[in-house]
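A.B. asks: Following this message is one structure expressed as structure tokens.
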Amino acid sequence: MPKKTQLKSDDVAALVAEILDDMKATDIVSIDVRHLTSITDVMIVASGRSDRHLRAIADAVVERCKSAGVPSLGVEGIGSSEWVLIDLADVIVHVMLPKTRDFYEIEKLWDISSPAEAAESP
């Protein structure tokens, strides 16, 4: 049986960003969180126009990642569809309606400089 090649977290993040762009998600932000947590390497946050658009984006991310050999560990919120979280292990994807994204401000929560970056700042 051929051995599957495992994509690195940066490759998975690039694939997800491409899928989000293809699906017309907006305000796509990728945050490296390796220095903050051991649960994942990258968080990606994007917005969709409607609940139907969020579901379509989430479905596309799950299916295309699975085809690339990166199955999702879980998907939450697909029923309520104001915020869908897709766990791809090394990459966690948040797809949100703009009003929900504005309320929770996920980027501000996770966008903290690493100690090395903070030391380099004047």
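Just so it is clear, none of the values below were taken in a lab; they were calculated from the coordinates. This structure is a prediction, so every number in the text was calculated from the model and none was measured. Cβ atoms come from the backbone with ideal geometry, glycine included; neighbour counts cover every protein chain shown.
A.B. asks: What share of the DSSP beta bridges in the chain is antiparallel, in percent to the nearest 5?
C.D. replies: Beta bridges within the chain, antiparallel portion: roughly 70 percent.
A.B. asks: How far apart, in nm, are the 7 Å Cα→Cβ label points at Leu109 and Asp32?
C.D. replies: Reported label-point gap for Leu109 and Asp32 is 2.3 nm.
A.B. asks: In whole Hz, what ³J(HN,Hα) sequence does the range 21-30 give by Karplus (6.51, -1.76, 1.60; θ = phi - 60°), x for Gly and Pro?
C.D. replies: Karplus-based 3J(HN,Hα) across the range 21-30 equals 5, 4, 8, 6, 5, 10, 6, 6, 10, 10 Hz.
A.B. asks: Let me ask another. State, to one decimal in nm, how far the label point of Ser50 lies from the label point of Ser67, with both points 7 Å from Cα in the Cβ direction.
C.D. replies: Those two pseudo-labels are separated by 2.5 nm.
A.B. asks: HN-Hα J couplings of the range 32-37 from phi, Karplus 6.51/-1.76/1.60, θ = phi - 60°, integer Hz, Gly and Pro as x?
C.D. replies: 7, 10, 4, 7, 10, 8
A.B. asks: Hey, another quick one. When the chain is fully extended, how far beyond the present Cα-Cα distance does Ser9 get from Lys99, taking 0.36 nm per residue of separation?
C.D. replies: Gain on stretching Ser9 to Lys99: 29.5 nm.
A.B. asks: Based on the alpha-carbon gyration tensor of the range 9-107 and its eigenvalue square roots a ≥ b ≥ c, which shape applies: rounded if a/c is under 1.5, prolate if not and a/b is larger than b/c, or oblate?
C.D. replies: It is oblate, given that a/c is not under 1.5 and a/b is not larger than b/c.
A.B. asks: Please list, in order along the range 57-66, the HN-Hα scalar couplings obtained from phi with the Karplus expression 6.51 cos²θ - 1.76 cosθ + 1.60 (θ = phi - 60°), rounded to whole Hz, x for Gly and Pro.
C.D. replies: 4, 4, 4, 5, 4, 4, 5, 5, 5, 4
A.B. asks: Turning to a different aspect of this structure: Over the chain, what relative contact order in percent results from Cα pairs under 8 Å that are six or more residues apart?
C.D. replies: On the way: 195 pairs, mean separation 31.8, N = 122.
In percent, rounded to a whole number, it is 26.
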